[in-house]
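Presented below is the structure to which this report refers.
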Amino acid sequence: MWKGLINKYKNYLSVKKDTNIVTLNEGNTPLIKADWLNKEYGFELYLKFEGANPSGSFKDRGMTLAVTKALEENSKAIICASTGNTSASAAAYGARSGLKTLVVVPKAKIAKGKLSQALIYGAQIIPIKGNFDKALEIVRKLTDKYALTLVNSLNPFRIEGQKTAAFEVADQLENKELDILALPVGNAGNITAYWRGFKEYYNKNITNYLPKMFGFQAARSAAMVKGRTIEDPETIATAIRIGNPVNRDKAQKAMEESNGLFDSVTDKEIKEAHQILASKEGVFIEPASAAPVAGLIKLCKENKYSLTNKKIVAVLTGNGLKDQEFVLDNYSIPNSLEGKFKSVEEYINI
Ligand SMILES: *Cc1c(COP(=O)(O)O)cnc(C)c1O
């Protein structure tokens, strides 16, 4: 039986034998071959569907370890700033562990699915009028002043837990060599975590390759691409609407060491990739998760970087059900017919 990623990868994580593990059996998410995209673009792409985690995003990988450690250290409460998924995940693991959970979120820009999660898991929600960067600034000051455990990706256990995704990708690909790992970049913790995971497997001779790390950002929130803080980040992909990535130095190093790249995609490109993934591959994700696929498509179209026959994994970070407004605002549901056989028969026109 799968018992969560700490149990599976405990030899790579710093947990004691008698530690009480806070888990929802996260991890072990599907790696799906992207048949339609592969035919269209000539690469060999696999989709790592992190939306299949218990709270619907990859954040659970770091949260299981961060909350396990908070409990081990006798913390009384956990706190985070969040564009949505960190708060949903913290609230879930907070509920499971019995720790009080506080989440500071930008009120106007959080997807409703994520907010409902924090609500029903029982976290104390603190909505603010600023953006994520402002929320994190406030939370950092609070954790400096009070005995609260910060569970943003500044917490080293978050990155530690998240690196298991790289182990899983390598395990799932068996002995196939991976050329590129593509993922969306917001606060830049996940790219840091993947790179660490791939390096650990390589250094322990479990794999004999290191993939290039390709980080994609939304065009108006592209701090890593531009190499500077963005004051007023904007994008429909709210999970990566971040202007001041706290892990920027580590992420920059991951990109450089792996010989990878940072690039940006417009909201239009994100929307197109989002639709392709759902309607051609059957994989429904939230908008931010479409950024890496939008980026790969962009690279193919621009012809600047050859991806032909390259083995690529795109990390699809969050579940589509979290942001249903995005779909309902952009696509229309047909008008209702009479509830009669004849009306439906005529309408479908077989
Ligand atoms: C948190 C998140 C990201 C960004 O990850 P970082 O580690 O902050 O770069 C991307 N997509 C989704 C769905 C997320 O929840």
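Per-structure values
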item: Some residue of segment 182-196 being surrounded by fewer than 23 Cβ atoms within 10 Å (Cβ to Cβ), within 16 Å of the ligand (Cβ to nearest atom) and not in a loop (DSSP other than H, G, I, E, B); result: yes
item: Hits in segment 308-350 (condition: in contact (Cβ under 8 Å) with a residue 60 or more places away in the chain and open to solvent by 100 Å² or more (accessible area, probe 1.4 Å)); result: ASN309, LEU321
item: Any hit, segment 206-213, residues being within 16 Å of the ligand (Cβ to nearest atom), in a helix (DSSP H, G or I) and within 21 Å of the chain's Cα centre (by Cα); result: no
item: Failed item, numbered, when LEU178 is tested on (1) touching a helix residue (DSSP H, G or I) at 6+ places or on another chain (Cβ under 9 Å); (2) more than 16 Å from the ligand (Cβ to nearest atom); (3) assigned to a helix (DSSP H, G or I); result: (3)
item: Restricting segment 242-268 to residues that are open to solvent by 30 Å² or more (accessible area, probe 1.4 Å) and either within 11 Å of the ligand (Cβ to nearest atom) or β-branched (Val, Ile, Thr) (or both), the residue that is farthest from LEU183 (Cα to Cα); result: VAL246
item: Residue count for segment 30-52, restricted to those that are within 13 Å of the ligand (Cβ to nearest atom) and open to solvent by less than 10 Å² (accessible area, probe 1.4 Å); result: 3
item: Residue match in segment 66-73 (condition: of a type in the set (Gly, Ala, Ser), touching a helix residue (DSSP H, G or I) at 6+ places or on another chain (Cβ under 6 Å), assigned to a helix (DSSP H, G or I) and at pLDDT 95 or above); result: yes
item: Filter result for the condition that a residue is of a type in the set (A, V, I, L, M, F, W, C), open to solvent by less than 10 Å² (accessible area, probe 1.4 Å), within 19 Å of PRO184 (Cβ to Cβ) and touching a Gly at 6+ places or on another chain (Cβ under 9 Å), over ALA88, ALA81; result: ALA88
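The values are calculated or read from the model by the stated rules, or taken from the named source; none is laboratory data. In this text the structure is predicted, and so the values were computed from the model without any measurement. Every residue, glycine as well, gets a Cβ built from its backbone with ideal geometry; the counts of neighbours run over all protein chains shown. When the accessible area is computed, the model is the full protein with side chains, heavy atoms only, and any ligands, DNA or RNA have been set aside. Shrake-Rupley method; radii C 1.70, N 1.55, O 1.52, S 1.80 Å.
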